[in-house]
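Reading through the structure tokens given below for one structure.
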Amino acid sequence: MKNSGKAVVFQGSGKPLMLREFPLPTLKEGEILVQISQCAICISDLHTISGKRESPLPLIPGHEIVGTIKELPSKSKLTDLKGQILQPGDMISWTLNTSCGKCFNCKKEIPQKCKHLIKYGHSPISEEYSLNGGMAEYILLRKGTSIIKLDNHIPAHLYTCINCSLSTVMAAIHAAGKIEGSTALIFGAGMLGTLCSAVLKSQKAEKIIAIDPNLKRLEIIQQFGTSHAIQWRDNLKTEALIRHILTITENHGADLVFEMSGAEMAISTALQTMGIGGKLILCGSVFPSRDISFNPETIVRNLWEIKGIHNYNTRDFLAAEKFLSNNISNFPFSDLFHPGFYSLEETEEAIKTARTKKFHRVVITP
Ligand SMILES: [Zn+2]
Ligand SMILES: [Zn+2]
């Protein structure tokens, strides 16, 4: 059996990525060694590599991973979130981070803010723990990682979205409450926005309006349930955009607004598009931005709710896997991916392709 594996190491923005060989670890209780089959490049990986997002270095980037179990500890029987026994050869997905299940935040069912978490693809490598990111042949899953066994009839790369964007969308949908019959507005037609549109459609939202500057993305999001796609060009004034939304919503404003872009303009505009009792769910602001002011009286008199969503818990992760498995033939998920896959040796090229934003996701197959 092979006793080492290759991994891409990021050492700081502007520095070339290095392909290094790491010894395969001896498993401790609760740990699983996974052979990675696919790793999609997320926007947050691009932010890390460009230096927009600060991370402790060096690290192995990549967290939207699907792989098969290579090795399990010999003594213990491990199960997935559905109670299914895990075995070598099983195709699995897992949560972005480990959680202890015991700390203050874990007890509040916010495991993504566990006080002892390790975040795959965002944690530094060390002598003690190196194989912790997705742009690699193998990854070592630590105790406290929630796992779901996957249906191997579905192409593996389609599952890469479930442990990041789709679970975050499920957390946003949970926060939104009742979807059926609602008018929903999505700012940003990237991966989050597009998957959000699909989930809203499947839960019978009456109108789904999507706003984005990118025409191709707007075309795609309409295949994912969006009923009204609006291109936000530079010459489209905010007032005109708001008027347009009010016309679509018969002057009521949107019931639910999902901010998936993180763009400052979108956030300040979002508040002006909401109807009485509207909910604004903020998901896109995962990098530093300016303060945005709001008028508290407007929020009170309109009975608005504003909720921030960052990552997800196991409920959302299970919901994401279920949604994808149940809807695989209802939406053209494969259109979200660059058709050719890249090898580990071609990671720099894969990242360049991802930066063009021509595809929602570019996949590396180690
Ligand atoms: Zn991601
Ligand atoms: Zn914890």
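Okay, residues lined up against (1) modelled with pLDDT under 90; (2) open to solvent by 50 Å² or more (accessible area, probe 1.4 Å); (3) in contact with a Leu (Cβ under 6 Å, 6 or more places away or on another chain); (4) not hydroxyl-bearing (Ser, Thr, Tyr):
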site	(1), (2), (3), (4)
266	yes, no, no, yes
277	no, no, yes, yes
280	no, no, no, yes
286	yes, yes, no, yes
290	yes, yes, no, yes
297	no, yes, no, yes
300	no, yes, no, yes
305	no, yes, no, yes
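Taking the conditions exactly as written (surrounded by fewer than 16 Cβ atoms within 10 Å (Cβ to Cβ), at pLDDT below 95 and of a type in the set (Ser, Thr, Tyr)), does residue 74 satisfy them or not? Answer is yes for this residue. Among the numbered conditions (1) touching a Lys or Arg at 6+ places or on another chain (Cβ under 9 Å); (2) without any contact (Cβ under 8 Å) to a residue 60 or more places away in the chain, the only one that residue 224 does not meet is (2).
The residues of the stretch 30-54 that are closer than 16 Å to residue 124 by Cα and either in contact with a Gly (Cβ under 9 Å, 6 or more places away or on another chain) or of a type in the set (A, V, I, L, M, F, W, C) (or both), listed by number, are 44, 45, 48, 49, 51. Of the listed requirements (1) at pLDDT 95 or above; (2) more than 16 Å from ligand 1 (Cβ to nearest atom); (3) over 26 Å from residue 325 (Cα atoms), residue 60 misses just one: (2). Set side by side, the residues 67, 5, 89, 30 differ, and just one is within 16 Å of ligand 2 (Cβ to nearest atom) and at pLDDT 90 or above, which is 30.
Contact map, the stretch 30-45: first residue open to solvent by 10 Å² or more (accessible area, probe 1.4 Å), second residue polar (S, T, N, Q) and within 10 Å of ligand 1 (Cβ to nearest atom), Cβ cut-off under 6 Å, separation 6 or more or different chains; pairs are 38/160. The set of residues in the stretch 82-117 that are β-branched (Val, Ile, Thr) and either within 16 Å of ligand 1 (Cβ to nearest atom) or exposed (fewer than 15 other Cβ atoms within 10 Å of the Cβ) (or both) comprises 85, 95.
Here is a yes/no grid of residues against (1) in contact with an Asp or Glu (Cβ under 7 Å, 6 or more places away or on another chain); (2) more than 14 Å from ligand 1 (Cβ to nearest atom); (3) touching a residue at least 12 places away in the same chain (Cβ under 8 Å):
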{"position": "131", "(1), (2), (3)": "no, yes, yes"}
{"position": "146", "(1), (2), (3)": "no, yes, yes"}
{"position": "156", "(1), (2), (3)": "no, yes, yes"}
{"position": "159", "(1), (2), (3)": "no, no, yes"}
{"position": "167", "(1), (2), (3)": "yes, no, yes"}
{"position": "171", "(1), (2), (3)": "yes, no, yes"}
{"position": "175", "(1), (2), (3)": "no, yes, yes"}
{"position": "179", "(1), (2), (3)": "no, yes, yes"}
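The values are calculated or read from the model by the stated rules, or taken from the named source; none is laboratory data. Given the structure is predicted, the values throughout are model-derived calculations rather than measurements. Cβ atoms come from the backbone with ideal geometry, glycine included; neighbour counts cover every protein chain shown. Accessible surface areas use protein heavy atoms only, side chains included; no ligands, DNA or RNA. Shrake-Rupley method; radii C 1.70, N 1.55, O 1.52, S 1.80 Å.
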